[in-house]
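Heads up, the thing below is written out as structure tokens.
Every number here is computed from the coordinates shown, using simple stated rules; none is lab data. Being a predicted model, the structure only gives us computed values, none of them experimental. Please note: Cβ atoms are built from the backbone with ideal geometry, for glycine as well, and neighbour counts cover all protein chains shown.
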Amino acid sequence: MSTDPLPLGWDLAPSPFHPGELAIQRRVGVVDKVDAQGRRSVRRYLTEQHRAFFGLLPYAFVGTVDAHGQPWASMIVGDPGFIAAPDAHRLEVAGRPLFGDPLNETLRDGAGIALLGVQLPTRRRNRAIGVVKRAGPNGFAIAVRQTLGVCPQYIQGRDARFTADPRKPEPRPVHRATTLDAAARAIIEKADTFFVASADPREEDGEAAGPDVGHRGGRPGFVRVDDAQTLTTPDFVGNFMFNTLGNFLADDRAGLLFPDFETGDRLYIAARAEVIWDGPELAAFVGAQRLVRYHATEVIRVERALPLAFSAPDWSPLLARTGTWAEADAAIAAERDRNVWRPFRITRIEVESDSVRSFYLEPADGGGRAGYRAGQFLPVRVEPPGWAAPVTRTYTLSDSPGGTYRISVKREGRGGVSDWLHDHATPGTLIEAMAPRGSFTFETPPNRAVVLVSAGVGITPMLAMLNDLLVNDGRTRHHAPIWFVHGARNAAGHAFAAHLRRKAELHANLRVHTAYSAPSEGDAPDSVGRIDVALLKRVLPFDDYDFYLCGPPGFMQGLYDGLRDLNVPDARIRFESFGPASVARRPDAAAASDEEAVRVDLAKSGKVLRWRPRDGSLLDTVERAGVAVLSSCRSGVCGTCATRLLKGAVEYPEPPAHEIAEGEALICVGRPRPGAHLDDSADREGVTLDL
């Protein structure tokens, strides 16, 4: 045997990933990052840690392929030590497949095999892929050709104890079918764990080809039985290697194993896999990046077939930001009532700074929560005792989509809604809310650097975006650098400071810079003063950035103008401003010339304006022309901006929540409908407003 030192990572020129895996990585925008990651972490041998790990296990999971090319996921069981690694290239398994397990038919010399070791109590897992050697009645060997330490996400901790001799599998009732019966449905619908086998059968894919087996975990109810032959499950954030989904591009056949940890039943399903990349169900399922629909072709259920008894689950902390199908269905139903005021109960209040408090909201009517995208806002209505009428406000949702709504409200000190929330709201207080909405959302590709710049309570949409991008205590959905630049008066007024520090510690691609305009003694900001373009030039390394801005109007306009003066394209600057003013944009010359303008006449002031799609709402356009208009919510909720429409028609990107009276327009969300071309210009006819 060679005594040459083993390579630190993947030592072959071809990628450790096959074309199917690379295609999914490319689609998600992570192919370059994952190539580097794979060459570090995928090896062609067992590390010392792997060898010790497999020797500790009383069970493991196996992926194999039968004579017809159908993958199957299986489970092997034995006293700790039944899996041994005599050297870095070989695993020895002492024991027979469980009774009724498809592994009894697929285990043959020369066959490909994947072995997934999962230590449920510690949530550790490692994978080895190789070729079966010396398969016999008392065990088999694996010639290892690829190994990987797999991320321990969504694993429920469980202790196990033997209830029978694993070396003597006993006959059990076996049920075979082509559809899911009531017993199979019951196992699936309560499952918090299953295993999926897949395979790339193409020999030309070399070392990256062959079978695989992976773990999937979630809250009970995360797998839905659609009908007698179909089930659908979310695909949560993982390691971005996409071994399973990549295999489905090469061969869409899958093998599923659902162990029933309570009864000892094992449910095996052969299926065809379909990956779903968008749609309302995906949008409604919290934490899902994709959906996978499995169409069953064969079902095997073996009763009471595990020689192990398992403890109740210790739930993975990562499940807090994942959903269930019941919650997704409720969210879809809530979306249908998106413009209905519904009661919400404040369940928790947290102090974030000397002027900002967070309020956590849950539906009080038994319904669900409509989904949202990070950066959107929540329309809120309150009617405190003694107030003349209900008052509507909009507050940005300050956390990524998860198990609740969170708004973070700054005390304004003018006796309005924000002050009432700070002074009188307690856990149990009821307010009203509509479904979230808004266009300020994250749109940057994952391979482009981004800068999130905020001031004061403008941190709220930026924090929601950041939490949506950087997940699971170290995983990132955005693989390029992220700069988070925030301005506050001092440390006492800096909301979410500890959270940002924690994020920066966990995520290598995040850099945080804090500027305090009036620091107190003992404060330690990264810089003193207000955020401006000069600061950004000093702080940011040379790169091609997208910018997201949120804060007071003057802050927004100054940064926008400064970035445009540096030739940052208008389309690469997105913003959300608080208050009545909007940012005056300066479109790129080429973009401006490509867009037709629509004429907007203001009857009272005599002004003639030109509106283009990038100008935003009619209210934005009118305010930039210096015409004052009463407005409040800027989201089509309150109706304050309703304006007489003297000519033309107004369109709305989404139906406003407030009723639109005949002959009026809600200009805070409305846009002019283009008419015919004007005789004397390339512009189109538009609208006449009574302003």
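Observations, loosely collected:
- Label point distance in nm, residue 647-residue 275, each placed 7 Å from Cα along Cα→Cβ: 5.4
- Theoretical FRET efficiency, 1/(1+(r/R0)^6), r = Cβ-Cβ of residue 189 and residue 673, R0 41 Å, to 0.05: 0.25
- For the chain, the 222 nm mean residue ellipticity estimated from helices alone, with every DSSP H stretch of n ≥ 4 adding -39500 (n - 2.57) and the total spread over all residues, rounds to -5000 deg cm²/dmol.
- Compactness of the chain is given as radius of gyration and Dmax, 29.3, 94 Å, from Cα positions.
- Listed by chain and number, the aspartates and glutamates whose alpha-carbon sits under 15 Å from that of residue 604, ignoring those within fewer than 8 places in the same chain, are 623, 690.
- Taking amide H positions as modeled 1.01 Å from N, with prolines and chain starts lacking one, the residues under 5 Å from residue 226 and 5 or more places away or on another chain are 231, 232.
- Hits among lysines - C-alpha to C-alpha of residue 607 under 18 Å, sequence gap 8 or more where chains match: 647
- Put in order of Cβ neighbour count within 10 Å, fewest first, the listed residues 277, 325, 611, 72 become 277, 325, 611, 72.
- Residue 312-residue 532 FRET efficiency (beta carbon distance; Förster radius 56 Å; 0.05 resolution): 0.50
- For the range 114-121, 3J(HN,Hα) computed residue by residue from phi via the Karplus equation (6.51, -1.76, 1.60; θ = phi - 60°) reads 10, 10, 10, x, 10, 9, 4, x Hz, glycine and proline entered as x.
- Vicinal HN-Hα couplings computed from phi for the range 457-474 (Karplus, 6.51 cos²θ - 1.76 cosθ + 1.60; Hz; Gly/Pro x): 6, x, 5, 5, x, 5, 5, 4, 5, 4, 5, 6, 8, 10, 10, 6, 6, x
- Sorted by Cβ neighbour density within 10 Å, fewest at the top, the residues 666, 8, 180: 8, 180, 666
- Centre separation in Å (Cα based) which lies between the range 297-359 and the range 498-536: 33
- Between residue 174 and residue 108, the modelled label-to-label distance comes to 1.6 nm, taking each label 7 Å out from Cα in the direction of the beta carbon.
- Placing unit charges on the Cβ atoms only, positive for Lys and Arg and negative for Asp and Glu, gives the chain a dipole magnitude near 1000 debye about its Cα centre.
- Formal net charge of residues neighbouring residue 504 (Cβ-Cβ distance under 14 Å; K, R +1; D, E -1): +1
- Spin-label model distance (nm) - residue 207 vs residue 430, 7 Å beyond Cα toward Cβ: 6.5
- Length released on extending from residue 347 to residue 414, taking residue separation times 0.36 nm less the Cα-Cα span: 21.6 nm
- Under 5 Å from the amide H of residue 364 lie the amide H atoms of 344, 345, each residue being 5 or more positions distant or on a separate chain, with H modelled from the backbone and absent for Pro and chain starts.
- Between the range 254-294 and the range 389-443, the alpha-carbon center distance in angstrom: 35
- Residues listed by number, the range 273-295, amide nitrogen under 14 Å from residue 68 label point at 7 Å toward C-beta: none
- Farthest toward positive dipole pole in the range 345-433 [+1 Lys/Arg, -1 Asp/Glu at C-beta], among 388, 372, 416: 372
- The range 330-483, dipole about Cα centre (Lys/Arg Cβ +1, Asp/Glu Cβ -1), debye to the nearest 20: 320
- Across the range 255-264, coupling constants 3J(HN,Hα) worked out from phi with the 6.51/-1.76/1.60 Karplus curve, θ = phi - 60°, read x, 10, 10, 10, x, 8, 6, 8, 9, x Hz, and Gly and Pro carry x.
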